[in-house]
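Scroll down for the structure; my scribbles are underneath it.
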Amino acid sequence: MTPNLSWQKLTLHLKNPFSLSYGVSEVRSAFWIRLKNDEGWGEGTIPPYYGISEQEMVTFWQVAAENPEAFPDKVNQITDWIGTEGPAPARCALDLAFHDRLARHLNLPLHKLLVIPTPEPKPSAFTIATDTPEAAEEMAISLKSFPIIKLKLGRDSNDIDILRAVRHARPGVRIWVDANAGWCLDDAIRLSRDLEMLHVELLEQPLEKLDFEGMGSLQSKTSIPIVADESVRTPDDIDALAKCGVKGVNVKLMKVGGLSPGLKMIKQAKDLGLKVMLGCMIETAIGTTAMAHLSGFADWLDLDASLLIANDPFMGMTIDENAMVHIQPKPGIGVIKSASKTAN
């Protein structure tokens, strides 16, 4: 008997070591979720620093696999079927798979199923996550046709040296800085002056994820938009961040539980006057392509995971030589297996 749903762990190998304030990594784990008879695909992926164990996610899917209820046949039934409890990336995996299934059945691309703006080509940032100015400069030069570079900082000791090296290598490039909660408020205020002088376009998650007041205080002292990432997991977080005065939020499907809650939070942020970045984890083309369908809502787009992974087993959205994101109008999320790459 074919199970209602199954899951497979994948090991994603990074093309270059990924250095963040949380540490350095060369591999990441992902889970491929498949509905019965491959009617829909989803993905559940989260970095270790989010504190969600793989076993928690597997347990969630084991319970879901035993649910006797028929799969949702309408978009507005998906959240009720999945529920709001359990790890966000595990819920996201089912949410993506159910949306993929419905869109395939109707022969519609995902954005048409959701009745949202058709995505037009839009530039994505490309992430440089290295701990030396020399390596950052070399990578920046190699990305000469990419208009936006996102620098992973948060170490403080050589952060500004890395930023200066990239600005020297690419005088006209748009630079985003992501500290991944690596700074304290005093350091962030001090460093923000250098960021302003070096024409940084936005500063993502400079402080610890629960320090909403600190983020608002920092925003009041700098003209650079502060964009919350790790701080954004629920609608209440968006309300609180808007009240504190930050200027933007980064919505990621894996941390909010999928397309259904993600779209609600995007619209909520827009209603509150916040700018929205649409981002991703280090995840496969299933997750990034699903998010690319929402790019009509993005003020900033950060969907470069496919360029960072050496063995993505799927093909979906593409990023061209100018870092423009494209999706094909295929039914569902629009992802197929790659013939040339495998993730074990």
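If you go through segment 296-306 and pick out every residue that is in contact with an Asp or Glu (Cβ under 8 Å, 6 or more places away or on another chain) and touching a residue at least 24 places away in the same chain (Cβ under 8 Å), you end up with 2. When N107 is tested against the conditions (1) out of contact with any Ser or Thr (no Cβ under 8 Å at 6 or more places or on another chain); (2) not assigned by TED's automatic domain parsing to the domain that holds I52, the lone failure is (2). The number of residues in segment 1-60 being in a strand (DSSP E or B) and under 25 Å from A135 (Cα atoms) comes to 15.
Regarding segment 255-273, can at least one residue be identified that is in the same structural domain as P225 (by TED's automatic domain parsing), over 11 Å from the mean Cα position of the chain (by Cα) and among the acidic types (D, E)? Checked segment 255-273: at least one residue is in the same structural domain as P225 (by TED's automatic domain parsing), over 11 Å from the mean Cα position of the chain (by Cα) and among the acidic types (D, E).
Scanning segment 47-91 for residues that are in contact with a Phe, Trp or Tyr (Cβ under 9 Å, 6 or more places away or on another chain) and hydroxyl-bearing (S, T, Y) gives a single hit, Y49. For segment 68-76, the criterion of being farther than 15 Å from G40 by Cα and either touching a Ser or Thr at 6+ places or on another chain (Cβ under 7 Å) or assigned by TED's automatic domain parsing to the domain that holds K264 (or both) is met by none of the residues. Of the residues K122, K112, the single one that is modelled with pLDDT of 95 or more, of a type in the set (K, R) and within 21 Å of the chain's Cα centre (by Cα) is K122.
Of all residue pairs spaced 6 or more apart or on separate chains, those with beta-carbon atoms under 7 Å, a first member in segment 189-203 that is assigned to a loop (DSSP other than H, G, I, E, B) and a second member that is surrounded by 13 or more Cβ atoms within 10 Å (Cβ to Cβ) and basic (K, R) are L198/R164; L198/R167. Only one of the listed residues (L106, L113, L102, L153) is surrounded by fewer than 24 Cβ atoms within 10 Å (Cβ to Cβ), closer than 30 Å to E54 by Cα and not charged (D, E, K, R). That residue is L102.
As a summary of the residue check, F146 satisfies the conditions (1) in contact with a Phe, Trp or Tyr (Cβ under 7 Å, 6 or more places away or on another chain); (2) outside any loop (DSSP other than H, G, I, E, B) except for the one numbered (2). Residues that are surrounded by 14 or more Cβ atoms within 10 Å (Cβ to Cβ) and free of Cβ contacts under 8 Å to residues at least 12 places away in the same chain within segment 26-72 comprise just one, T59.
Please go through segment 290-303 and give me each residue that is farther than 20 Å from P329 by Cα and assigned to a loop (DSSP other than H, G, I, E, B), ordered by number. Listed by number, the residues that qualify are D299, D302.
For L163, the test of being in contact (Cβ under 8 Å) with a residue 24 or more places away in the chain, in a helix (DSSP H, G or I) and either surrounded by 21 or more Cβ atoms within 10 Å (Cβ to Cβ) or assigned by TED's automatic domain parsing to the domain that holds S260 (or both) is passed.
The values are calculated or read from the model by the stated rules, or taken from the named source; none is laboratory data. Everything numeric here is computed off the predicted structure, so don't read it as measured data. Because the Cβ atoms are built from the backbone with ideal geometry, glycine has one as well, and the counts that use them run over all protein chains shown.
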